[in-house]
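Reading through the structure tokens given below for one structure.
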Amino acid sequence: MVKPRKAAGGEVRSVPEPTPGDNEVLVRVLASSICGTDVHIWEWNAWAQQRVQRVPMVFGHELSGEVVRVGRSVRSLEVGDHVSAETHIVDGTCYQCRTGKMHICENVQVLGVDRDGVFAEYAVLPEINAWKNAPDLDPAIASVQEPLGNAVHALLPEDNVEDVAGKRVLVTGCGPIGLLAVAAAKTLGAQTVVATELNPLRARLAREMGADLVLDPTQEGAATVTKIREATDGHGADVVLEMSGHPASLSLAFDALTPGGRVSLLGLFDRPATLDIDGALVFKAARVHGIFGRRMFETWFQVKGLLATQGFREKVLKIITHRVPIPELARAMELIESKQAAKVSLEAKW
């Protein structure tokens, strides 16, 4: 599936089969899935117009596949291995990479944004970016490990941060990553999880993921914070994950935060947002984490541990509400844009 020009949409095209370099592998795509980034590129909104420089380009980045060819310097992978993609392709030499922060490499390239992606029959990955999976892991689940990693990174943003066991967690916005965060928080032992969501489908799924309370702030209005405090023993949330990218949710996140609590910001805002810094941050001694990607590769090991639990895998499958062949991407996008779907898995059926 190619982004052929700087305009909305995409089209199926025949392109040359990619050739792996010495430190790369060629992967036959088994399944992919649609990310918000892909929706932006499909719609060609303001973000895509600024961010995507290279067209025509194969887009898509969430991947499950089978290695079919290895470069001559590859040592950790073999033909037949099942892999998923860490989508941040790094230089390995910048200051961030050399100080344990590869996920924010100064020269990072994103698969399906800066180079050809995975909405295709075959894709090329650097050896280091190919995460080996158990061969019996459902390809649809394997392909969503990347966004699941975002959710886990938001919950556990740093090596020395406390875990969420016994904590009160608030998730604002239950898109696919927010839903995965609810499921992960409960699996990791959160005492209480409150979620906010406007869409009825996603609100229902949030409850199925284990949310103890789901609120629609447009219906609850000013009572939203009161109800969050009531659900958290009057203290407010110890951990807040802002997943929506909406200015009102940003204010809600800090209003509902207990003093000394922490906030992870993952949602992307399409315009500047304002915040009462004194009241929201300074006087609350709030800790704020910006979340970009996954920690390479500690987050992937944490995701692997979560997926070892059958109950957690079953929750992930509930979030995948539709499975659509890759060539029918337009139909899949319509399902997302019309809010009929949570996560859409793209099957490699050509």
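The values are calculated or read from the model by the stated rules, or taken from the named source; none is laboratory data. Owing to the predicted nature of the structure, the values given are computational and were not obtained by experimental measurement. Every residue, glycine among them, receives a Cβ derived from its backbone with ideal geometry; neighbour counts consider all protein chains shown.
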Residue in region 34-49 that is at positive phi and either surrounded by 15 or more Cβ atoms within 10 Å (Cβ to Cβ) or touching a strand residue (DSSP E or B) at 6+ places or on another chain (Cβ under 8 Å) (or both) present: yes
Filtered residues of region 104-147 (kept if more than 19 Å from Val70 (Cβ to Cβ), touching a Pro at 6+ places or on another chain (Cβ under 9 Å) and of a type outside the set (A, V, I, L, M, F, W, C)): Pro147
Per-region count, region 53-94, residues assigned to a loop (DSSP other than H, G, I, E, B), closer than 14 Å to Gly117 by Cα, of a type in the set (A, V, I, L, M, F, W, C) and under 20 Å from the mean Cα position of the chain (by Cα): 1
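Conditions (1) closer than 22 Å to Lys343 by Cα; (2) surrounded by fewer than 17 Cβ atoms within 10 Å (Cβ to Cβ), marked per residue:
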residue: Ala165; (1), (2): no, yes
residue: Val169; (1), (2): no, no
residue: Pro176; (1), (2): yes, no
residue: Asn199; (1), (2): yes, yes
residue: Ala211; (1), (2): yes, no
residue: Thr226; (1), (2): no, yes
Helices (runs of 4 or more DSSP H) enclosed by region 246-350 - at least 2 residues per element that are more than 19 Å from Val225 (Cα to Cα), in the same structural domain as Phe119 (by TED's automatic domain parsing) and in contact with a strand residue (DSSP E or B) (Cβ under 8 Å, 6 or more places away or on another chain): 329-337
Candidate set: region 2-33, residues that are in contact with a strand residue (DSSP E or B) (Cβ under 7 Å, 6 or more places away or on another chain) and acidic (Asp, Glu); chosen: the one surrounded by the most Cβ atoms within 10 Å (Cβ to Cβ): Glu24
Selected residue (only one of Ala285, Ala222 is loosely packed, with under 14 Cβ neighbours inside 10 Å and modelled with pLDDT under 95): Ala222
Selection status of Ala280, at pLDDT 95 or above, over 29 Å from Cys35 (Cα atoms) and more than 21 Å from the chain's Cα centre (by Cα): yes
Residue match in region 254-270 (condition: out of contact with any Asp or Glu (no Cβ under 8 Å at 6 or more places or on another chain), in contact (Cβ under 8 Å) with a residue 60 or more places away in the chain, of a type outside the set (D, E, K, R) and surrounded by fewer than 20 Cβ atoms within 10 Å (Cβ to Cβ)): yes
Every residue from region 178-197 that is of a type in the set (A, V, I, L, M, F, W, C), closer than 15 Å to Lys315 by Cβ and surrounded by 22 or more Cβ atoms within 10 Å (Cβ to Cβ): Leu179, Leu180, Ala181, Val182, Ala183, Ala184, Ala185, Ala190, Val193, Ala195
Residues located in region 189-238, provided they are free of Cβ contacts under 8 Å to residues at least 60 places away in the same chain and closer than 19 Å to Val144 by Cα: Ala206
Residue satisfying all of: in region 98-123; of a type in the set (A, V, I, L, M) and closer than 21 Å to Ala31 by Cα; surrounded by the fewest Cβ atoms within 10 Å (Cβ to Cβ) among these: Val110
Qualifying residue in region 131-146 (condition: farther than 24 Å from Ser251 by Cα, touching a strand residue (DSSP E or B) at 6+ places or on another chain (Cβ under 6 Å) and among the charged types (D, E, K, R)): yes
Single residue of region 317-350 satisfying the filter (touching a residue at least 40 places away in the same chain (Cβ under 8 Å) and touching a Phe, Trp or Tyr at 6+ places or on another chain (Cβ under 8 Å)) that is farthest from Glu66 (Cα to Cα): Met333
